[in-house]
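The values are calculated or read from the model by the stated rules, or taken from the named source; none is laboratory data. Please read all numbers here as calculations on a predicted model, not as lab measurements. Because the Cβ atoms are built from the backbone with ideal geometry, glycine has one as well, and the counts that use them run over all protein chains shown. The accessibility values were calculated without ligands, DNA or RNA, using every heavy atom of the protein model including side chains. Shrake-Rupley method; radii C 1.70, N 1.55, O 1.52, S 1.80 Å.
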Amino acid sequence: GEGSQNYVDIAKKSAKEESGRLYKVAAEGMPDQLTLFDAKSLRNEAKKILDEKSGKLSTLPKGMEDDLKSIVNEAQGVSWDKLHGFQSDHGATAESLKRANNGFTNVESSIHTRLKHAARQDMERRATDIGGDFLEKYQTAKAFYKDYRNTFDNDTIRRFLNSKPDRAYDMFFKNGSVEDLRRLRGILGPEGMRPIRTKMVEEILAPKVG
């Protein structure tokens, strides 16, 4: 209901913010930050999708053809931030489309997934070309998000995140391990842990019955 805490959203939001911050930190170390570069993989993938799916019997969702055409043009000269934006946006869109489709891939979500992977290939290549400190920071940003995903895939954590706060508290503190709690804190951040701490204090101070 209104005001009830959705742990999954908190977890994703805090991870996305931290991941975005780390990618920005990497961009600050870019020696030629303002130089635009050709995102070849992204351009080629967009062209390939257009060749496969447009035309008379187009299977492209409405508006997608124009989006793909603009990627083909724009990706000839993109900044690092713009490319990271492409990767994040297409990844998030693919995920939400799959969720809306009960976890199954459809034409639209698979297109977004392909574009996300292509943008990531361009980022990898760019980071490797620049090398040094920049490559290191990029790898840190990438590893953070991967770690977050792995943590999020933990069964105890997933069950916890999908349950109501009261139920979540009981489940976690009766059955969860200290290690799981640390992982959880890493995902939720201080803001997300607040409802759990409140519940914990209530439990401790609640008068014992019987």
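Structure notes:
- Scanning the stretch 133-143 for residues that are touching a helix residue (DSSP H, G or I) at 6+ places or on another chain (Cβ under 7 Å) and surrounded by fewer than 19 Cβ atoms within 10 Å (Cβ to Cβ) gives LEU135, THR140.
- Of all residues assigned to the stretch 50-64, none qualifies as being in contact (Cβ under 8 Å) with a residue 24 or more places away in the chain and within 27 Å of LYS146 (Cα to Cα).
- Wholly enclosed helices (runs of 4 or more DSSP H) of the stretch 36-132 bearing at least 2 residues surrounded by fewer than 17 Cβ atoms within 10 Å (Cβ to Cβ) and hydroxyl-bearing (Ser, Thr, Tyr): 107-130
- For the stretch 191-210, the candidate set comprises residues that are open to solvent by 100 Å² or more (accessible area, probe 1.4 Å) and in a helix (DSSP H, G or I); within that set, the residue that is modelled with the lowest pLDDT is GLU191.
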